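Inspection log for the structure reproduced underneath, given as structure tokens.
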Amino acid sequence: MYIVFEGIDGSGKSTLINFLFNWLNSRGYRVFVHKEPSKSKIGELIRRCINENADAYTLALLFAADRYHRINDLKEKISKGIVLADRCFYSSIAYQGVYVDKMWIREINKFAVKPDYVIYLDVSPEVAVKRKKHEKKDLFENVEYLKKVRENYLRLAEEENFVVINAEQSLDVVKKSVLNFVIRIIKERT
Ligand code: TYD
């Protein structure tokens with residue numbers, strides 16, 4: 001099963017993925033975490049390009065390359081258990097889609113595995129940026145830009161049936177609702 005978490009930076013994806021990983025793992029489920037961008041050379045290049053304000057077309061192609069590079073690894077994890085993924089090609093549509101034709105982004109990501117479920121953690125850019133203010137800022141931590149990214153996410157959520165969670169609630173509340181959802185889909189599938 002392939003469950004993807006999407007949301008702007010500061011929405012709490014990694015905290016929730018860690019929590020779910022530990023919860024499922026301690027109950028005997030075979031669970032994997034898959035993160036985009038990767039830690040590979042392509043992932044390193046992407047981070048450098050982000051810091052150097054590369055154009056959105058170049059970034060979209062690099063993110064797609066990073067995805068393609070690990071597709072077999074992802075498919076293997078999906079065949080073995082539950083994959084909790086931090087982002088997928090929907091991030092490219094939300095982020096690069098602010099500047100680049102979304103159909104073209106879909107086209108260059110045609111090979112990508114479609115998630116079974118997408119959990120979208122919705123948070124306003126103001127709250128997200130505040131949560132991350134102790135960290136180094138990059139190209140993507142600009143409230144005006146993130147507002148457009150969020151609009152893209154909300155449109156995608158409707159079109160693609162994402163599970164939308166209000167991630168401005170307390171972490172405990174968000175954890176509980178995500179956990180309940182995940183338990184339900186695991187039960188449905190077994
Ligand atoms: P992030 O999840 O913050 O990774 P890390 O903390 O390991 O650097 O991803 C880096 C940025 O890349 C983030 O702002 C979202 C952005 N991004 C895209 O713009 N398009 C994509 O396709 C992906 C996967 C990420």
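The values are calculated or read from the model by the stated rules, or taken from the named source; none is laboratory data. Values in this document were obtained by computation on a predicted structure and should not be read as measured data. All Cβ positions, even for glycine, are placed from backbone atoms using ideal geometry, and neighbour counts span all protein chains on display. For accessibility, only protein heavy atoms count, side chains too; no ligands or nucleic acids. Shrake-Rupley method; radii C 1.70, N 1.55, O 1.52, S 1.80 Å.
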Which pairs turn up if I take residues in the range 18-45 that are basic (Lys, Arg) and look for partners that are within 16 Å of the ligand (Cβ to nearest atom) with beta carbon separation below 8 Å, at least 6 apart in sequence or on another chain? 35/85; 35/86; 35/87
Considering each residue of the range 39-81, count those that are hydroxyl-bearing (Ser, Thr, Tyr), surrounded by fewer than 15 Cβ atoms within 10 Å (Cβ to Cβ) and in a helix (DSSP H, G or I), and give that number. 3
Got a number for residues in the range 168-183 being exposed (fewer than 11 other Cβ atoms within 10 Å of the Cβ) and either among the aliphatic types (A, V, I, L, M) or part of a helix (DSSP H, G or I) (or both)? 2
Top-ranked residue in the range 10-38 [being among the hydroxyl-bearing types (Ser, Thr, Tyr) and open to solvent by 20 Å² or more (accessible area, probe 1.4 Å); ranked as nearest to the ligand (Cβ to nearest atom)]: 14
Exactly one of these conditions fails for residue 1: (1) within 12 Å of the ligand (Cβ to nearest atom); (2) closer than 18 Å to residue 112 by Cα; (3) over 15 Å from the mean Cα position of the chain (by Cα). Give me its number. (1)
Looking at the range 138-147, can you tell me whether even one residue there is among the hydroxyl-bearing types (Ser, Thr, Tyr), more than 15 Å from the chain's Cα centre (by Cα) and surrounded by 16 or more Cβ atoms within 10 Å (Cβ to Cβ)? yes
So residue 99 clears everything in (1) within 12 Å of the ligand (Cβ to nearest atom); (2) closer than 19 Å to residue 162 by Cβ except one condition, right? Which one? (2)
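Listed here are the residues, each with its yes/no results for (1) open to solvent by less than 40 Å² (accessible area, probe 1.4 Å); (2) within 13 Å of the ligand (Cβ to nearest atom); (3) modelled with pLDDT under 95; (4) of a type in the set (A, V, I, L, M, F, W, C).
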| position | (1), (2), (3), (4) |
| --- | --- |
| 86 | yes, yes, no, no |
| 95 | yes, yes, no, no |
| 107 | no, no, no, no |
| 124 | yes, no, no, no |
| 136 | no, yes, yes, no |
| 156 | yes, yes, no, yes |
| 166 | no, no, no, no |
| 185 | yes, no, no, yes |
